[in-house]
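Okay, so here's the structure we're looking at.
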Amino acid sequence: MQSESSNVVLVTGAAGFLASLVARALLEDPQTPNIRLILADISEPKKPAGDSSTAHISTIKADLTNPQEVDALFHTPFGVPDTVYCMHGIMSRGSEDNFDFALKVNVDSVRELLQAARRYGEKIGHPIKFVFTSSCAVYGGPLPEILTPDTIATPEGAYGLGKLTSELFINEFSRRGFVDGRILRLPTIVVRPGPPAAAASSFMSGIIREPLQGIPGTCPIGQNISSPELNLPVWFSSSKAVIRNLILAKHIPSTSFRKHTRVVCAPGFTATIRDEIEALRQVGGEDALKLIKFEDDPPTKRLVESWPQRFDNTYALSLGFVVDEGGMVPIVERFKNDLEAGLV
Ligand SMILES: NC(=O)c1ccc[n+]([C@@H]2O[C@H](COP(=O)([O-])OP(=O)(O)OC[C@H]3O[C@@H](n4cnc5c(N)ncnc54)[C@H](O)[C@@H]3O)[C@@H](O)[C@H]2O)c1
């Protein structure tokens, strides 16, 4: 039997927005001392900004649809990871437009990673923690006004289908003791920094991020600032709360989860696209509003309208997860401050 490793963490999708923030947060996590981080992505991942000692970080360019490249992540010089953050993937609009490719990445490669975690967990003598970033896009069809942990997920898009399929595998692998799964269905995250992403929700960050930098941001919903379509409610979280919750997910005892499922809907809050625009007005002024350009895009509208709009946070909060306080304005303010400080 291989010797037991500890605080070796593998993060996939590590060149992406959220996983790179998770990597940085793990380095600062007092509950994960002396961490050795394996950062993997199909694009070369960068070492987290601000980290001076790099000896304990390994960046690996790997296509996770290739089983050999997946296997190699479990026998680096750092040893077998005790935790895997499975965060790579093809986002919602990208999945809808490339169905077969999306299944290959969002289902087949996740299953391959799970099987590798199972094999190497057996070698080290205990199940590897498997933290998975799922999405509220698993829901579709007629939904109750407030979703609870018992609401059945029936996706209406390739992205939601892929996430739900992977969740089912993680739950069954956890029930069998092959891995120790932790699944967070994440709300839509605002304000996402960087260029627009292949996600149908990308504009929900773009209409804030771009105008605050003096450039136009496109809104694919509605014809102008008075359009009733802007009253669309969305289930949101800040990236700060999501990152905190992803770190907490690693530390919650497996016995705390409901017996039949490792799925938790991460806490969030409901706001409309109009609330976002109003927060932009308060933080960025009238000039910022003029930079929102309206270009109706029916496929995007169809997808985001099918997503759930309000959840009961009780179960997630009882596990110790955290929620944003104060709605959209503090989030937009924080993003503006980060922009001015050159942090995003
Ligand atoms: N951002 C959100 O609002 C949100 C909401 C719900 C769920 N999520 C989930 O959180 C995770 C991270 O999201 P993000 O917004 O940071 O996405 P992102 O697009 O910024 O990052 C995804 C990363 O996956 C990598 N990747 C894609 N195919 C790969 C492959 N074959 N092999 C290796 N790497 C590959 C990409 O190169 C990219 O760096 C995803 O699983 C996403 O589905 C995000």
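The values are calculated or read from the model by the stated rules, or taken from the named source; none is laboratory data. Computed from a predicted structure; not experimentally measured. Reconstructed Cβ throughout: ideal geometry from the backbone, glycine too, with neighbour counts over all protein chains shown.
Tally up the residues in the stretch 4-30 that are assigned to a loop (DSSP other than H, G, I, E, B) and free of Cβ contacts under 8 Å to residues at least 40 places away in the same chain, please. Total satisfying the criteria: 3.
One residue stands out in the stretch 83-98 among those that are surrounded by fewer than 24 Cβ atoms within 10 Å (Cβ to Cβ) and aliphatic (A, V, I, L, M): the one that is modelled with the highest pLDDT, namely Met87.
Checked against the criterion of being near the ligand (Cβ under 9 Å from one of its atoms), at pLDDT below 95 and not in a loop (DSSP other than H, G, I, E, B), the stretch 163-178 has no qualifying residue. Considering the stretch 139-155, the residues that are within 16 Å of the ligand (Cβ to nearest atom) and part of a loop (DSSP other than H, G, I, E, B) include one that is modelled with the lowest pLDDT, namely Gly140.
For beta carbons closer than 9 Å, sequence separation of 6+ or different chains, a first residue in the stretch 112-129 that is assigned by TED's automatic domain parsing to the domain that holds Val84 and a second that is among the small types (Gly, Ala, Ser) and outside any helix (DSSP H, G or I), the qualifying pairs are Leu114/Gly181; Gly121/Gly177; Ile124/Ser3; Ile124/Ser5; Ile124/Gly79; Pro127/Gly177; Pro127/Gly181; Lys129/Gly181. If only residues of the stretch 4-30 that are touching a strand residue (DSSP E or B) at 6+ places or on another chain (Cβ under 6 Å) and of a type in the set (S, T, N, Q) are counted, the one that is nearest to Pro77 (Cα to Cα) is Ser5. Is it the case that Gly160 is within 12 Å of the ligand (Cβ to nearest atom) and either of a type in the set (Gly, Ala, Ser) or not in a loop (DSSP other than H, G, I, E, B) (or both)? It is true that Gly160 is within 12 Å of the ligand (Cβ to nearest atom) and either of a type in the set (Gly, Ala, Ser) or not in a loop (DSSP other than H, G, I, E, B) (or both). Only one of the numbered conditions (1) in contact with a strand residue (DSSP E or B) (Cβ under 8 Å, 6 or more places away or on another chain); (2) more than 9 Å from the ligand (Cβ to nearest atom); (3) modelled with pLDDT under 95 is violated by Cys136, and that is (2).
This table checks each residue for (1) of a type in the set (D, E, K, R); (2) within 16 Å of the ligand (Cβ to nearest atom); (3) farther than 21 Å from Ile208 by Cβ.
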site: Ser227; (1), (2), (3): no, no, no
site: Val242; (1), (2), (3): no, yes, no
site: Thr255; (1), (2), (3): no, no, yes
site: Leu280; (1), (2), (3): no, no, no
site: Gly284; (1), (2), (3): no, no, no
site: Glu305; (1), (2), (3): yes, no, no
site: Gly327; (1), (2), (3): no, no, no
site: Glu333; (1), (2), (3): yes, no, no
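Of the residues making up the stretch 17-49, those that are more than 8 Å from the ligand (Cβ to nearest atom), small (Gly, Ala, Ser) and under 24 Å from Asp71 (Cβ atoms) number 1. Note on the stretch 86-131: among residues that are among the aromatic types (Phe, Trp, Tyr) and in contact with a Phe, Trp or Tyr (Cβ under 8 Å, 6 or more places away or on another chain), the one that is farthest from the ligand (Cβ to nearest atom) is Tyr120. Checking each residue in the stretch 199-235 for being outside any helix (DSSP H, G or I), touching a Ser or Thr at 6+ places or on another chain (Cβ under 8 Å) and aliphatic (A, V, I, L, M) picks out Ala199, Ala200, Ile221, Leu232, Val234.
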